[in-house]
Every structure is written in structure tokens, then in C-alpha cells.
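Heads up: the structure comes next, in C-alpha cells.
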Amino acid sequence: MPATNTLHLVDASMYVFRAWHSMPDEFHDADGWPTNAVQGFARFLLELLERERPTHIAIAFDESLDSCFRNALYPAYKANRDPAPPELRRQFAWCKALCKAVGLVTLAHTDYEADDLIGTAVHVGRSDGFRSVIVSADKDLSQLLQADDEQYDFAKGVRWRADGVKARHGVHAHQIADYLALTGDAVDNIPGISGIGAKSAAILLAHFESLDALLARIDEVPFLRLRGAAGMATRLREQREHALLWRQLTTIALDAPLPEGGFARGRGDAEEMASLSDWMGFGPLTRKRLVDAAGLSA
């Protein structure tokens with residue numbers, strides 16, 4: 001498919017955190033604050049742009065923290081996570097500024113997570129004739145895949161489409177939210193249904209196709225060839241409302257606010273790029289690659 005029909009959507013937080021944990025703490029800005037996450041993220045971003053050469057791209061950042069709409073539904077959502085230290089929060093802001101200086105569209109909102117912004121962009125892009133390449137290893141995002149869409153684990157160099165999700169996660173792409181509602185998601189502090197693990201959830205969804213059908217036909221569960229099926233049926237009856245709530249939490253929104261103007265890659269800001277490069281202490285090779293990526297070399 002022509003590159004102009006492809007929209008790349010990057011889950012920035014994954015790559016900022018990866019750089020924060022993997023890059024040595026030897027980089028500092030002009031004020032002496034660490035910049036290891038910015039340095040690592042810049043390397044990732046440049047490799048992605050040089051390798052993929054996207055014409056349409058957006059970089060999604062998480063700014064909702066504890067203000068996401070999911071926290072109103074379930075206050076304990078992600079409550080198990082420690083807040084990011086000031087040194088990291090500061091670098092997130094610099095990574096976002098870097099993307100803007102390069103001429104890339106950035107997505108962020110106080111009520112919606114990066115997943116929701118990516119999901120909405122996929123939905124909008126699809127209606128405009130774009131297929132999406134979601135740059136992230138997060139299994140939650142696999143629920144967005146349809147037709148020619150791809151998910152791209154950049155670090156491992158692995159790509160998969162909707163028809164490859166079952167081999168990776170045991171369920172089809174459109175079942176991911178239901179699957180996580182049953183199993184829970186420890187990363188996001190979602191309990192799931194007690195006593196139902198990954199294997200059981202996959203078997204239940206293979207038989208019933210969806211959480212709604214499962215809950216409507218709970219009486220069939222004890223007759224499945226599934227160890228502990230009778231107990232599962234009892235817990236599903238008892239925890240029905242919880243299951244529906246967990247599904248609300250695990251379903252990626254498709255109606256988040258997006259900036260106007262689309263996702264076409266633009267020309268960077270030379271003055272902002274030079275200032276940011278000086279402040280971050282980027283080396284000459286990184287500066288040249290950033291200038292090229294921003295379309296400023298001419």
C-alpha cells in the first residue's frame with residue numbers, strides 16, 4: 001500500500017520509559033538535570049523516521065495520570081503505580097517538545113490516555129482511507145487492529161496484523177478488551193474475575209465469542225470441558241457487574257479529542273531545534289540527523 005495511505009501512531013511513553021531505564025545516567029541539560037530519557041527517545045525517534053519514512057505520523061503522550069476518565073469509573077485504576085519522579089516528568093516534556101520541533105503531530109489530553117488518542121486516530125484515519133501502523137508492544141492496542149493495520153514492536157523488529165493476534169495472545173483482536181476484563185490487568189490494577197486466568201479466558205471466549213454472550217449464557221459454562229467450570233459460572237454470576245466495569249476500563253476509546261489539521265508530517269522549526277539541541281547537549285551527529293528529519297537540511 002502506498003506510503004501516503006499509511007498513518008504511523010507512536011506510543012511515546014513506552015519508549016521514553018525504556019530509555020529512562022536503559023540509558024546511562026551521564027547526560028544532563030544546561031541546568032544539570034538528567035536527559036538520559038530524552039537522549040534515548042531521540043535515538044529511537046530518529047531510527048523510526050529514517051527506517052519508515054512516514055508521511056503521516058502522530059506521537060501520543062500520556063498526560064492524564066490520575067485524571068483519566070477511567071479513574072472516575074474506578075478510583076483504584078492504576079493506583080498501584082508510583083508517580084514518576086520529577087527528573088522523568090521533566091524529560092517527558094522535553095521529548096514532546098522535541099517531536100514538535102521535528103515537525104511531528106503530538107497527541108496528549110488530561111482526560112484520555114495515549115491508547116485512547118491512538119485508538120481515535122486509528123478510527124479517524126480509517127474513515128479517511130488510511131491504514132495504521134501502531135508502534136508499541138502493548139497488547140491492549142492489538143484490539144484496534146483491522147484489515148491491513150499493523151502493530152510494530154520496534155525494539156524487537158516484529159510486526160503483526162489482526163490475523164496474528166490470536167497466536168500471540170490466545171484470542172482474536174476484537175476480543176482483547178473482553179479477555180482483559182476476565183483475566184484482569186495487573187499493570188493497570190484491574191482485578192478481573194477471580195479464578196479466571198489467561199487459558200480459561202481464552203477457552204471461554206473461543207466458545208462464546210464475546211463477554212456479553214458469555215454473561216447471557218452463564219448456564220452453559222458448567223457443561224464446558226474446562227476444569228473448575230462450575231465455580232467459574234458461580235463467580236461470573238456474582239461478579240457480573242464487575243466484569244462489565246472491567247470491560248469499560250479495558251476498552252480503548254475511539255472518541256478522544258484530536259488536534260485539527262490531520263497527521264501529515266510537517267517541516268520542523270529550525271530555531272526551536274537549535275535551541276533544544278543546545279540545551280539538551282546533543283552531539284553533532286544527532287543534531288545533523290534531527291535537522292534532516294525535520295526537513296531543514298536544505
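Coordinate-derived values only; no laboratory data. Remember, it's a predicted structure, so these values are computed and weren't measured experimentally. Please note: Cβ atoms are built from the backbone with ideal geometry, for glycine as well, and neighbour counts cover all protein chains shown.
Please determine, by comparing only the residues of segment 101-132 that are within 30 Å of ALA274 (Cα to Cα) and touching an Asp or Glu at 6+ places or on another chain (Cβ under 8 Å), which one is surrounded by the most Cβ atoms within 10 Å (Cβ to Cβ). That would be ILE118. Scanning segment 149-159 for residues that are in contact with a strand residue (DSSP E or B) (Cβ under 8 Å, 6 or more places away or on another chain) and surrounded by fewer than 19 Cβ atoms within 10 Å (Cβ to Cβ) turns up GLU150, ASP153, VAL158, ARG159. Just one of the listed residues (ALA84, ALA97, ALA60, ALA93) is under 28 Å from ALA30 (Cα atoms), in contact with a helix residue (DSSP H, G or I) (Cβ under 7 Å, 6 or more places away or on another chain) and surrounded by fewer than 22 Cβ atoms within 10 Å (Cβ to Cβ), namely ALA97. Listed by position, the helices (runs of 4 or more DSSP H) enclosed by segment 202-260 that each have at least 2 residues that are more than 28 Å from the chain's Cα centre (by Cα) and exposed (fewer than 14 other Cβ atoms within 10 Å of the Cβ) are 229-238.
The residue of segment 274-293 that is surrounded by the most Cβ atoms within 10 Å (Cβ to Cβ), among those that are in contact with a Ser or Thr (Cβ under 9 Å, 6 or more places away or on another chain) and of a type in the set (Lys, Arg), is ARG287.
For segment 142-162, taking the residues that are outside any strand (DSSP E or B) and touching a Leu at 6+ places or on another chain (Cβ under 9 Å), the one that is farthest from THR251 (Cα to Cα) is identified as PHE154. Contact annotation: residue pairs with Cβ atoms under 7 Å, 6 or more positions apart or on different chains, pairing a residue in segment 251-272 that is farther than 25 Å from ILE190 by Cα with a partner that is among the polar types (S, T, N, Q) and not in a loop (DSSP other than H, G, I, E, B), are LEU258/THR120.
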